[in-house]
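Peer 1: Below is the structure I would like to discuss, written out as structure tokens.
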Amino acid sequence: IVFQGEGCRTVPLSGHVGFDSLPDQLVNKSVNHGFCFNILCVGETGLGKSTLMDTLFNTKFEGDPASHSQPGVQLKSSTYDLQESNVNLKLTIVSTVGFGDQINKEDSYKPIIEFIDAQFEAYLQEELKIKRVLHTYHDTRIHACLYFIAPTGHSLKSLDLVTMKKLDSKVNIIPIIAKSDAISKSELTKFKIKITSELVSNGVQIYQFPTDDESVAEINGTMNAHLPFAVIGSTEELKIGNKMMKARQYPWGTVQVENEAHCDFVKLREMLIRVNMEDLREQTHTRHYELYRRCKLEEMGFKDTDPDSKPFSLQETYEAKRNEFLGELQKKEEAMRQMFVQRVKEKEAELKEAEKELHEKFDRLKKLHQDEKKKLEDKKKSLDDEVNAFKQRKTAAELLQSQAQQAGGSQTLKRDKERKK
């Protein structure tokens, strides 16, 4: 093999070989395998997210209108199998239920970020498996985020700016002005300019339709100037002229959804589905997912090169992280052991102190018992002495009484004798 400079040399073919059928082979393989496309609809309740999805895909998706009483932001995901001609599309529509309905909207964007990261993480875990089945894996990564802006005609809300700023590095954001028939044409033009200015001044990176492909460079360049798209959704068909068209009937007239003089719905459908759907899928994989994957692997300690700028082996990285983990584990184990020993010592000291206090209390009670016992014995002795003294007095009294009785009896006998004489 001879190389010229950095590339291979060009040689002519003397006849037809057949590798010009490679594009057809890729098309057939892709058609047989089918496609998936995932859309995230972010916007306040009541801006017509579900209606626009029904209008975009010319069908009626299931779902009930959301209320304004949600305690927090929830993401509702629905997947549908669509078929057009011989092309199968697995479409997933994710809607933010309750977005903007809370009094405190400070953390309204967090559930959205967590959902997008969860889809990236699921794909990364599938990639890191030993036995991968990516060819049959249902890719749930968000390919396009339609951000619905309320038709106020003034400026973006703080909630809109903060949410788009948090999302722009994770998903392809396409801002759209919902229910654009609510503001006049002149106000709409000023509103678009104001939105673009605020996005630029706040550093929000929205999705730009690619202009590097010559076949779509002109139309994409033109459509980039029309962002954000002002759209109207409707599933109601009205007869206008000789045709049935999607429109909205008002007392003052009729708004035709597919009339470019009335709104940008056709532009949105053209850019989102018919021209740039594959680029949105590719940007999600090569830009947003790669950023998440790189950050995640760097957090895990994986690098492309070592400090000497040599290729970093996956096995070496694994061994290094394993040894680091084991070292940290041993340190934690030693720290826990030391803590356990310290706790045991503290407990022993507490028990010894408690035992000492018990002994002191026992000695005090014992001494108190002895003192009480001595007092009782002294009192008993005193009572015994009183009883003995009382008995002695009683005996003496009885003796005196008997002597007195005897003396009285002898005197009576003497008196009786003298009377007889």
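The values are calculated or read from the model by the stated rules, or taken from the named source; none is laboratory data. The structure presented is a predicted model; accordingly, all values stated were derived computationally and were not measured. Counting neighbours? That spans all protein chains shown, and the Cβs are built from the backbone with ideal geometry, glycine included. Protein only, heavy atoms only, side chains kept; ligands, DNA and RNA dropped before computing areas. Shrake-Rupley method; radii C 1.70, N 1.55, O 1.52, S 1.80 Å.
Peer 1: Can you tell me the FRET efficiency between Thr189 and Met244 if r is taken as the Cβ-Cβ distance and R0 is 51 Å, rounded to the nearest 0.05?
Peer 2: The value I calculate is 0.95.
Peer 1: Okay, next question. Return the sequence-ordered ³J(HN,Hα) values of the range 183-194 in whole Hz as given by the Karplus equation 6.51 cos²θ - 1.76 cosθ + 1.60 applied to θ = phi - 60°, using x for Gly and Pro.
Peer 2: For the range 183-194, the Karplus curve yields 10, 6, 5, 5, 5, 5, 4, 5, 5, 4, 4, 5 Hz.
Peer 1: So how exposed is Ile273, as accessible area in Å² (1.4 Å probe, rounded to 10)?
Peer 2: 40
Peer 1: Could you calculate, for the range 246-308, the ratio of the Cα radius of gyration to the Kirkwood radius, expressed as Rg to Rh?
Peer 2: Using Cα coordinates only, the ratio equals 1.42.
Peer 1: Right, here's the next one. Got a sec? What order do Leu159, Leu167, Leu413 fall in by accessible area at 1.4 Å, biggest, i.e. largest, first?
Peer 2: Ranked list, largest accessible area first: Leu413, Leu159, Leu167.
Peer 1: Also, I was wondering about something else. Cα atoms only: what Rg and Dmax, in Å, come out for the range 148-298?
Peer 2: Final numbers for Rg and Dmax: 17.4, 62 Å.
Peer 1: Could I ask something else about it? With every protein chain present, what accessible area does Arg141 have (1.4 Å probe, heavy atoms only), rounded to the nearest 10 Å²?
Peer 2: Here the residue's solvent-accessible area equals roughly 10 Å².
Peer 1: Can you give the calculated 222 nm mean residue ellipticity of the chain, where each DSSP H run of n ≥ 4 adds -39,500 (n - 2.57) and the sum is split over every residue, rounded to the nearest 500 deg cm²/dmol?
Peer 2: -17000 deg cm²/dmol
Peer 1: Which of Gln208, Gln315, Gln125 moves most in a GNM of the chain, Cα contacts under 10 Å?
Peer 2: Fluctuation is largest for Gln315.
Peer 1: To continue, here is another question. What do you get for the angle between helix 110-127 and the principal long axis of the chain? Use alpha-carbon atoms, 0 to 90 degrees, nearest ten.
Peer 2: 70
Peer 1: Using a 1.4 Å probe on the protein heavy atoms only, what accessible surface does His359 show? Give it in Å² to the nearest 10.
Peer 2: 110
Peer 1: Also: Taking the mean number of other Cβ atoms within 10 Å as a proxy for protection, how do you rank 247-257, 179-189, 147-157, 329-339 from highest to lowest?
Peer 2: 147-157, 179-189, 247-257, 329-339
Peer 1: Continuing with the same structure: Whose amide H sits under 5 Å from the amide H of Asn38, counting only residues 5 or more places off or on another chain, with H placed in the peptide plane?
Peer 2: Long-range HN contacts for Asn38: Thr92, His143, Ala144.
Peer 1: Follow-up. In the chain, what percent of the accessible surface is made up of carbon and sulfur (1.4 Å probe, ligands and nucleic acids excluded)?
Peer 2: After summing per-atom areas, the C and S share lands at 53 percent.
Peer 1: Of Thr211, Cys145, Ile240, whose Cα points farthest to the positive end of the dipole of the chain (charges on the beta-carbon: +1 Lys, Arg; -1 Asp, Glu; origin at the Cα centre)?
Peer 2: Cys145
Peer 1: Still on this structure, I have one more. Would you work out if the range 37-155 is rounded, prolate or oblate? Take a ≥ b ≥ c from the square roots of the eigenvalues of the alpha-carbon gyration tensor; rounded if a/c is under 1.5, else prolate when a/b is larger than b/c, oblate otherwise.
Peer 2: It comes out oblate by the Cα gyration axes.
Peer 1: May I pose another question? Can you work out the Karplus-derived ³J(HN,Hα) for every residue in the range 257-269? Use 6.51 cos²θ - 1.76 cosθ + 1.60 with θ = phi - 60°, whole Hz, and x for glycine or proline.
Peer 2: 5, 9, 9, 5, 6, 9, 7, 9, 4, 4, 4, 4, 4
Peer 1: Which order do you get for Asp139, Asp212 if you rank them by accessible area with a 1.4 Å probe, largest at the top?
Peer 2: Largest accessible area first, the list is Asp212, Asp139.
Peer 1: Probe radius 1.4 Å, ligands and nucleic acids left out: which of Leu13, Leu82 has the largest accessible area, and how do the rest follow?
Peer 2: Solvent-accessible surface, decreasing: Leu13, Leu82.
Peer 1: Let me ask another. Quick one: of the DSSP bridges fully inside the range 30-300, what percent are antiparallel, nearest 5?
Peer 2: 50
Peer 1: What distance in nm lies between label points placed 7 Å from Cα along the C-beta direction at Glu258 and Lys321?
Peer 2: Using points 7 Å along Cα→Cβ, the separation is 5.2 nm.
Peer 1: Calculate how steeply helix 214-224 sits against the longest principal axis of the alpha-carbon atoms of the chain, using the helix alpha-carbon long axis, and give the answer as 0 to 90 degrees to the nearest 10.
Peer 2: 60
Peer 1: Can you run phi through the Karplus equation (6.51, -1.76, 1.60; θ = phi - 60°) for the range 324-329 and list ³J(HN,Hα) in whole Hz, with x for Gly and Pro?
Peer 2: 4, 5, 5, x, 5, 5
Peer 1: Let me check the size of the chain from its C-alpha atoms; what are the radius of gyration and Dmax in Å?
Peer 2: Over the chain's Cα set, Rg and Dmax evaluate to 49.0, 199 Å.
Peer 1: Just to confirm the number: angle between the C-alpha axis of helix 290-299 and the first principal axis of the chain, 0 to 90 degrees, nearest 10?
Peer 2: Its long axis makes an angle of about 30 degrees.
Peer 1: On to the next question. Please work out the Cα convex hull volume for the range 322-387 and give it in Å³ per residue.
Peer 2: 38
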